[in-house]
Amino acid sequence: MNPATTRQLSRNIRQYREDRKISQEAIAFLIGVSQSTLSRLETGQHLITTSLLHQLARAFKTTPAILQTYHLTKSDPAETNNASLLAQKDLIITAQQAEIVFLRQKLSDLQQLLASSLQGSN
C-alpha cells in the first residue's frame with residue numbers, strides 16, 4: 001500500500017469505529033492488540049497488514065472493502081462524479097483482490113494442516 005492509501009485506511013478505521021461509538025479498548029481486545037497499538041494503527045504510525053485488516057473487519061462485522069472505502073460513503077452525494085466512482089471501483093477491486101490472496105493463503109494453510117494430520121494418523 002502506498003503511504004496515502006495507508007493514511008486514508010487509518011482514518012477510515014478510526015472514523016468507522018467512532019461512528020459506531022465503539023471504544024479503542026473494545027476493538028483492541030477483539031483483535032488481540034493493546035489500545036496503544038490500535039491508536040497507532042488509527043493514526044498511521046503502525047503498519048496495517050492484510051491479516052490485521054481482516055481481523056478489524058471481523059471485529060466490526062464488516063468487510064475489508066468497506067473499511068478501505070468508508071471515506072467515499074461519507075461524502076456529499078452531490079459531489080459524486082465519474083472520477084470518484086472510478087476511484088471507488090478501483091479501491092473495491094484492490095480490496096477484493098487482497099482478500100482473495102488472503103483467503104487462498106488460509107486455504108493453503110488448512111490444506112497443509114489437513115494433509116499433515118492425515119499422514120500422522122496413518
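The values are calculated or read from the model by the stated rules, or taken from the named source; none is laboratory data. A quick note: this is a predicted structure, and the numbers were derived from the prediction, not measured. All Cβ positions, glycine included, derive from the backbone under ideal geometry; neighbour counts span all protein chains shown.
State all residues of the range 24-33 that are over 15 Å from H54 (Cβ atoms) and surrounded by 18 or more Cβ atoms within 10 Å (Cβ to Cβ); if no residue qualifies, say none. Full working, then the answer.
Step one: filter the range 24-33 for residues over 15 Å from H54 (Cβ atoms), giving 24-26, 28-29.
Those that are over 15 Å from H54 (Cβ atoms) and surrounded by 18 or more Cβ atoms within 10 Å (Cβ to Cβ): Q24, A28.
Listed by first and then second residue, the pairs linking a residue in the range 14-39 that is under 13 Å from Y70 (Cα atoms) and of a type outside the set (F, W, Y) to a residue that is at pLDDT below 90 and exposed (fewer than 14 other Cβ atoms within 10 Å of the Cβ), with Cβ atoms under 8 Å apart and 6 or more places separating them unless they lie on different chains, are Q15/K74.
Scanning the range 9-23 for residues that are surrounded by 14 or more Cβ atoms within 10 Å (Cβ to Cβ) and either among the basic types (K, R) or not in a helix (DSSP H, G or I) (or both) returns R11, R14, R17, I22.
Note on the range 78-109: among residues that are surrounded by 12 or more Cβ atoms within 10 Å (Cβ to Cβ) and either on the phi > 0 side of the Ramachandran plot or aliphatic (A, V, I, L, M) (or both), the one that is modelled with the highest pLDDT is A98. Name the single residue that is surrounded by the most Cβ atoms within 10 Å (Cβ to Cβ) among those in the range 34-65 being more than 17 Å from T6 (Cβ to Cβ) and among the hydrophobic types (A, V, I, L, M, F, W, C). Among those residues, the one meeting the criterion is F60.
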